[in-house]
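*Asks:* I'd like to ask you about the structure that follows.
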Amino acid sequence: MKMTLYVAKNSIVHKSDPITKLTYCLVAAIVPYIIPNHLFAFVIMLLSISLLLLGKVFRKMIPIYILSLFLLITIVIIQGIFHPDNVTPLFMLGPITFYQEGLLIASLLIIRIINMLSAFGVVILTTQPDDLIEALVKKGMSPRIGYVIGSVLQIIPQMSSMVGTIMDAQRSRGLETEGKLSTRIKAFIPLIGPVIMNSLIATRERSIALEIRGFNSKRKKTFLRDEKEFLFGKPYQLLLILCFIGAIIWRIFQ
Amino acid sequence: MKKIIVDSLKYKYPGTDNLALNDISFEVEEGEIIGIVGKNGSGKTSLSLSLTGLIPHFFGGGYGGKVLVDGLEVRNSTVTEISERVGYVFDNPFSQMTAAKYTVYEEVAFGLENMGLPREEIKKRVDWSLQLLDLESIKEKYPFDLSGGQMQRVAIAGVIAMKPQILVLDEPTSQLDPEGSEEVFQVIQSLAQEGITILIVEHKLEKIAKFCDKILLLHEGQLIDFNHPQEVFSRDDLKDYGIMPPVFTRVCRALDIKNPLTGHYPVTLEEVTQLVKNHE
Amino acid sequence: MNKQKSMWSLRLSTAALVLIPVAIGINYIGKTIASALKLPLWIDSLGTILASMLAGPIVGGLAGIINNIIYGFTQDPISTVYAITSLFIGIVVGALSYTGWLKSFGKACILGLIVGLVAAIVSTPLNIIFWGGQTGNVWGDALLAVMLKEGYPVWLASFFDSVVVDIPDKFVSVLICYFIFKGLPNNVKNLYRGGQKIEEL
């Protein structure tokens, strides 16, 4: 019903301002790319992981890491074996030589990726999507864009259950969905066509429903939900932005 | 007081040649309930949309004449301005949900947030409309988990919370099962008691014959008749407009039983019962 | 007959905005069905492409960007990186569709190739910065490995890695969308363009 990985827990990270977490996520994910240093990236990665631990959600992070496992392995293979700068063999695995230069590059990339995943995890796992959207709208994001984001989270589960229904229906009518590639390609349109048509036609009705409920109102939108009090507000956001600017300055004068 | 004034309204959809509405004029008094009837393509939906401003502002197309709702001229107002005076509900309950809210309570508050009302006022109005539509017991539910009838009532609640003085319902029960339809009809009657002026497009003539003050008969974009249900449903030429009168009217016509007070065939069960009692 | 708004106008109609979540949903189900049928392509941008054809470059670009950000924040953070690629796909398809590139099947084919090329060009620097050149597609990455071994520079090898993945994928996606677009009724096609003109009768 709801597309989110949010885990309800009682923690200081959960109680922190969604905008601060979002700012942290972006700054922490990007800064290790600005400052190309193993130790620095590693420290930021540890920081992101400790925030996950502090939020009591580290275990929920593991499936997200696993999703990227293939990417991480190919990085080791491509860089470790094939990188153009490779000259110093480090070890052999059967007939294959892994080189020091490539593996060093690979390790920096991997630390950065794990850090990026973890920094995103801090937002994803400890923030309710509605809180984040509402906070962004209050910060000045258009409420219309806020609506769009909010409704994606509902429409995707709806449309995927529609696909399930249509897949069953088409199969029971004898549509072949297995076998040769050409058979499977031919099955694609009858499966996706009806869902696309129906959902496009429904946009007209939904637009009408929104318009008659003041969707285009020029007045400043108000919020039903009570103002939530969050920890670590604006000063922390400013601090994070300063860190980001600092990293850029360091890079320029380096 | 005149709540709605429609004066020589003409409309055609973009890219079409035929007039969907051809020189329509009528007036509605405050608190009246009007049933709009006619076969498919007669202009019922177009007429509903032109009371909400979606015609011409959302659809575009050719437009002539004048529509005044609660004193506001539709042609020169925005859909948002009109939406605070005229509520609109249509057939598909599913697509009337905003798809951005997680409880019935929040769903009903959507329009009020857009109107920029203070939080306390929003809560007051949501509570009021949930009560009016008998939705209090399900206010924490996810809108898409509801039955069709419940969802349609949520749609009505979301519109009613904006406190429009006019409510236009375009076939609000056509996608509902009998139970769901009954829920919606009951709600419409309680809204009428609140003094809201109601226009309803409906195929279930037995129903609207019972509670409508007047029937507006459309055919090919033209207004054929605008009169009391007994008069409209007693017309000899009703078949030409693709309308089957309520079953009681048909039975009485076959038996040639007229209401001596009005001189027309009766239209509701109550009226027939009364006649039979008097007869005895 | 309708006076068209400029395709770059930022004032989006309600219908155009409502199209964005649907487009993102279509991206998702396209990807789901393609993987259920074990097709060798991603087919994960049908919605973005369709929205761009229907509502122009701004809506298409927004659909693309929001698509990847939402996936990034609900399923897989990696996909956020490609928000920029999706943005460009939306802009290119939208701008070209509005200037006559959907008039014939032949033109649509060329549009498909252009979109694939643009996707590859935009993705290559992202792939190099973030993962040292891979795309995550086995065949593409195998080509990358071979080219690196043969001594080609990383940017060129990575670009070819993207090309072999993106061009077939976007070419097929654009053609699927072209046929769906052609099959849509006119009132749906005109719904999102905005600037509904009212003429006096």
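The values are calculated or read from the model by the stated rules, or taken from the named source; none is laboratory data. Small disclaimer: the values here were computed from a predicted structure and weren't measured. Here the Cβ is made from the backbone with ideal geometry for all residues, glycine too, and neighbour counts use every protein chain on show. Ligands, DNA and RNA are stripped out before the accessible areas are found, and what is left, the full protein with its side chains, is counted by its heavy atoms. Shrake-Rupley method; radii C 1.70, N 1.55, O 1.52, S 1.80 Å.
*Asks:* Could you tell me what fraction of 2.2 N^0.38 Å the Cα radius of gyration of segment B:200-280 comes to, as a two-decimal ratio? Mind dumping the intermediate values first?
*Replies:* Working: Rg = 12.5 Å, N = 81, 2.2 N^0.38 = 11.7 Å.
The value comes to 1.07.
*Asks:* With equal scatterers on the alpha carbons only and no solvent term, can you work out the Debye log10 of I(q)/I(0) for the protein assembly as shown at 0.06, 0.07, 0.11 1/Å?
*Replies:* Values returned for q = 0.06, 0.07, 0.11 Å⁻¹ are -0.45, -0.59, -1.22.
*Asks:* In what sequence, largest accessible area first, do A:162, B:1 appear using a 1.4 Å probe? If you can, show how the numbers build up before the last one.
*Replies:* Values: A:162 60, B:1 135 Å².
From most accessible down to least: B:1, A:162.
*Asks:* Now, a different point. Could you estimate the translational diffusion coefficient of segment C:1-83 from the Stokes-Einstein equation, with Rh from the Kirkwood formula over C-alpha pairs, at 20 °C and 1.002 mPa s, in whole µm²/s?
*Replies:* On the way: Rh = 13.4 Å.
D = 160 µm²/s.
*Asks:* Continuing with the same structure: From the phi of every residue in segment C:128-145, what ³J(HN,Hα) in whole Hz does the Karplus formula 6.51 cos²θ - 1.76 cosθ + 1.60 yield, where θ is phi - 60° and glycine or proline is x?
*Replies:* After applying 6.51 cos²θ - 1.76 cosθ + 1.60, I find 5, 4, 8, 10, x, x, 6, 10, x, 9, 4, 5, x, 5, 5, 4, 4, 4 Hz.
*Asks:* If you don't mind, another one. How many square angstrom of accessible surface are buried between B and A, both sides summed, with a 1.4 Å probe and rounding to 100? Walk me through the numbers before you get to the answer.
*Replies:* Details: alone 13260 and 17070 Å², together 26820 Å².
Accessible area lost upon association: around 3500 Å².
*Asks:* Ordered by packing density, taken as the mean number of other Cβ atoms within 10 Å over each peptide's residues, highest first, how do C:47-60, C:168-181 rank?
*Replies:* Working: C:47-60: 29.0, C:168-181: 22.0.
Put in order of decreasing packing, that is C:47-60, C:168-181.
*Asks:* Go through A:142, A:11 and list them by solvent-accessible area, largest first, probe radius 1.4 Å. Don't jump to the answer; show the numbers that get you there.
*Replies:* Details: A:142 45, A:11 5 Å².
Output order, biggest surface exposure first: A:142, A:11.
*Asks:* Turning to a different aspect of this structure: Which three extents, in whole angstrom, do the alpha-carbon atoms of chain A cover along their principal axes, largest first?
*Replies:* Principal axes ranked by extent give 65, 58, 35 Å for the Cα atoms.
*Asks:* Could you tell me the relative contact order of segment B:94-163? Use alpha-carbon pairs under 8 Å, at least six residues apart, and round to a whole percent. Before the final figure, lay out the partial values.
*Replies:* On the way: 80 pairs, mean separation 33.4, N = 70.
Here the relative contact order equals 48 percent.
*Asks:* Sticking with this structure for a sec: At a probe of 1.4 Å, how much accessible area disappears from chains B and C on forming the pair, both sides counted, to the nearest 100 Å²?
*Replies:* Values: alone 13260 and 10750 Å², together 23070 Å².
Buried surface at the B/C interface: approximately 900 Å².
*Asks:* Further question on the same structure: Name the residues of segment B:131-169 whose accessible area falls by at least 40 Å² when all protein chains are present instead of the chain alone, probe 1.4 Å?
*Replies:* B:142
*Asks:* Rounded to the nearest percent, how much of the accessible area of chain B (1.4 Å probe, protein heavy atoms only) is carbon and sulfur?
*Replies:* Values: 5210 of 11170 Å².
Carbon and sulfur: 47 percent of the exposed surface of chain B.
*Asks:* Express the carbon and sulfur contribution to the solvent-accessible surface of chain C as a percent, rounded to the nearest whole number, probe 1.4 angstrom. List each step's numbers first, then the result.
*Replies:* Numbers: 5220 of 7650 Å².
Summing carbon and sulfur atoms, their accessible area is 68 percent of the total for chain C.
*Asks:* While we're on this one: Cα-based Rg (one decimal) and Dmax (whole number) for chain B, in Å?
*Replies:* 19.4, 61
*Asks:* If you average over every viewing direction, what projected area does the convex hull of the Cα atoms of chain C give, in nm²? Before the final figure, lay out each step's value.
*Replies:* On the way: hull surface 48.8 nm².
So the mean shadow area of the Cα hull is 12.2 nm².
*Asks:* Please report the buried accessible area for the interface of C with A, total over both chains, probe 1.4 Å, in Å² to the nearest 100.
*Replies:* Working: alone 10750 and 17070 Å², together 22550 Å².
Chains C and A together bury roughly 5300 Å² of accessible area.
*Asks:* What are the extents of the Cα atoms of segment A:114-254 along their three principal axes, in Å, largest first?
*Replies:* Here the spans come out as 63, 48, 27 Å, largest first.
*Asks:* Return the whole-Å distance between the Cα centroid of segment C:72-86 and the Cα centroid of segment B:50-119.
*Replies:* Each part's Cα centre sits 36 Å from the other's.
*Asks:* Could you please state how large a percent of the accessible area of segment A:1-75 is carbon and sulfur, counting protein chains only and using a 1.4 Å probe?
*Replies:* Working: 2790 of 3690 Å².
C and S fraction of accessible area: 76 percent.
*Asks:* While we're on this one: Using the C-alpha atoms of segment A:136-211, what convex hull volume per residue, in cubic angstrom, is computed? Working shown, then result.
*Replies:* Details: hull volume 8.6 nm³, N = 76.
That works out to 113 Å³ per residue.
*Asks:* Loop-only check: which trypsin sites (Lys or Arg not before Pro) in segment A:108-168 are DSSP coil with at most 12 other Cβ within 10 angstrom? Walk me through the numbers on the way to the answer.
*Replies:* Working: sites: A:112, A:138, A:139, A:144; in loops: A:139.
Filter output for segment A:108-168: A:139.
*Asks:* Using square roots of five times the C-alpha gyration tensor eigenvalues, list the equivalent-ellipsoid semi-axes of segment C:33-139 in whole Å, biggest first.
*Replies:* On the way: eigenvalues 107, 50, 42 Å².
For segment C:33-139, the semi-axes come out at 23, 16, 14 Å.
*Asks:* Which residues, if any, in segment A:111-125 lose at least 50 square angstrom of accessible heavy-atom surface (probe 1.4 Å) when the other protein chains sit next to their chain rather than the chain being alone?
*Replies:* A:116, A:120, A:124
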